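Undergrad: Just passing along the structure, written as structure tokens.
What follows is calculated from the coordinates using simple rules that are stated; it is not laboratory data. Keep in mind that what you see is a predicted model, and the values were worked out from it rather than measured. Here Cβ is always computed from backbone atoms with ideal geometry, including for glycine, and neighbour counts include all displayed protein chains.
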Amino acid sequence: MTSLDEKQIETAHRASLEKDIDLADLARDIDTGEINELAVVAEGEERTTWFVWILVSCSTISGLLFGYDTGVISGALVSIGSDLGPEKLSNGQKEFITSSTTLGALLGGLVAGILSDWTGRRPVLGIADIIFIGGAIAQAIGGRFLIGVGVGLAACIAPLYIQELSPTRLRGRMVVLKTPSVVMITLGQVIAYAIGAGFANVNGGWRWMVGLGAIPAGIQFALLFFLPESPRILIRRGNMSQAHAIMSKIYAFARPEEVDLKVKVLHAAVQRSIEITNSTTFIQRLKSMLFDPVNRRALIVGCGMQAFQQLCGFNTLMYYSATLFKEIGFDQPVAVGLIISGTNFIFTLVALKWIDKIGRRKIMIWSAPGMVFGLTLASISFHYLTKKTNGNLIDGTQYSTAWSAIVLVSMIMFVASYATGLGNVPWQQGELFGLEVRGLGTSLSTATNWAGNLLIGATYLSLMAKITPAGAFGFYAGLCLLGWLFVLACFPETAGLSLEEVKMVFRNGFGIRESQRLRKAKREIKERERDQGRRDA
């Protein structure tokens, strides 16, 4: 959105305190009509209260659950054995078990937004917890689809809940704790691999691995009884007094009149959202999304980046790394998989520190070649590793320790590069779309991610069997190279740009140079203002 500069904000704030004027009009973007909630800066807004930390900590458990489920299946697949039937699982059965969660998550994500607008954010998180608990217990017995529905619900709603209950100036920092493939998901994967390593040699240990996922879900479900509903939902329902009470806790250091103004602007933002929804039909928004050149280019970038994230093959390592490491000769394959998930976690933290400073586009251009190199090295390593078995991995074969170690190193390089850029950047998709199509554009982009995840999870083992491990990793390297070329040609820099500026970027093509020019100009303006402030001081 187009932000009011600090002097405009200060003027609007002071005028609203001195006179009974409509701050919502001052906060309204002239070009887009969108409400700028930063138009009122409350005293102490950048300080985080214990109330906000409790809200965020509880909500981010959803991310941990998501990560735990994606990580735990890797260890479970190597220890299930013949527990689910008279024979060991075939590759097709392993793919079905793995991808059924993704299918459930895809369906859960599709209904989450509609359901949360009807019931509120908090009840949907509770429903997700109940499903996750039931799914974890069901997994210990035999099924995974159910838990996927819970994952899809939570992955969609938890970021919304965090965003709507965080102070406006801290929303990005808070949401990043939960954003898919970021901190809490990667932490959940690390925990899953650690637990998997602990139960790897226990008879029936896989049941403990998957069943323990019910514990954090149960904790979150219990805590939800003590958490409030989102102020946005309360305002939509006309419950202004309760919304005001919650906003007073969120902005605990603000003066009462500042809280009043925060509520007033939020009310205007909610009304604007309702106006947009009521003034256009779904078909009209879909036509605008597909046939308006600006929106269509934004959709191509959003869906393209999400497809790149999944088709690069990263989740094959999260789902099947223990299976792979077992076949190439590691005695403790789940423990070795912990190295992969730990690398993902560490480099995700590195990315979060630098992504806004370096920029989305630049960090992608730098990191994607590292992914291509890591996958290419893995392909070469598998070629020489499996020479004596005609290019195929055969369980029980004694493979070269040196080449097995190089495979591990190549995967660490790939994951480190992925976590630095591609693991984070596609989830900034909300920056791409105008307000009138943002919900639809984000949904289509996210659906692309889940669909790609489903495709990769359901075909990886079969792909390795048909074209050999060397061929499979070479294939993923080729897809990564295509993704990198897509970034070079189509992915503009959106960090720090307003909604109207992003529209300008997509007005004539994909606007790579235009986005860089705008970002450079904004940096220069900020530097001049900073220098002027120092001189005035």
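Undergrad: Quantify how much of the Cα-Cα distance distribution of the stretch 493-537 extends past 17 Å, in percent.
TA: 39
Undergrad: Taking 35 Å as R0, compute the FRET efficiency from the Cβ-Cβ separation of residue 531 and residue 224 and round it to 0.05.
TA: For R0 = 35 Å, the calculated efficiency reads 0.10.
Undergrad: Can I ask one more? Taking the Cα centre of the stretch 493-537 as origin and charging only Cβ (+1 Lys, Arg; -1 Asp, Glu), how large is the dipole, in debye to the nearest 20?
TA: Roughly 100 debye for the stretch 493-537.
Undergrad: Another question about this same structure. Give me the extension gain from residue 465 to residue 398: residue separation times 0.36 nm, minus the current Cα-Cα distance, reported in nm with one decimal.
TA: Gain on stretching residue 465 to residue 398: 22.3 nm.
Undergrad: How large is log10 of I(q)/I(0) for the stretch 281-491 at q = 0.15 Å⁻¹ when the intensity is taken from the Debye formula with one equal scatterer per alpha-carbon?
TA: Normalising to I(0) and taking log10 leaves -0.92.
Undergrad: Further question on the same structure: Relative to the Cα centre, what is the charge dipole magnitude of the stretch 281-491, using +1 at the beta carbon of each Lys and Arg, -1 at the beta carbon of each Asp and Glu, and rounding to the nearest 20 debye?
TA: Once rounded to the nearest 20, the dipole reads 420 debye.
Undergrad: Follow-up question, since we're still on this one. What is the gain in length, in nm to one decimal, between residue 409 and residue 481 on full extension, counting 0.36 nm per residue of separation less the C-alpha to C-alpha distance?
TA: Roughly 23.9 nm would be gained on extension.
Undergrad: I've got another one for you. How big is D, in µm² s⁻¹, for the stretch 369-501 by Stokes-Einstein at 20 °C and 1.002 mPa s if Rh is the Kirkwood radius over C-alpha pairs?
TA: Result for D is 126 µm²/s.
Undergrad: Please find the FRET efficiency linking residue 282 to residue 255, where r is the Cβ-Cβ separation and R0 is fixed at 41 Å, and quote it to the nearest 0.05.
TA: Working from the Cβ atoms, E equals 0.45.
Undergrad: Another question, then. For the stretch 225-317, state what percent of all Cα-Cα pairs lands in each successive 5 Å bin, counting from 0 Å until the bin that includes the largest distance.
TA: 2, 11, 14, 12, 10, 10, 12, 15, 10, 3, 0
Undergrad: What length, rounded to one decimal in nm, is gained on full extension from residue 202 through to residue 431, with 0.36 nm per residue of separation minus their alpha-carbon distance?
TA: 77.7 nm
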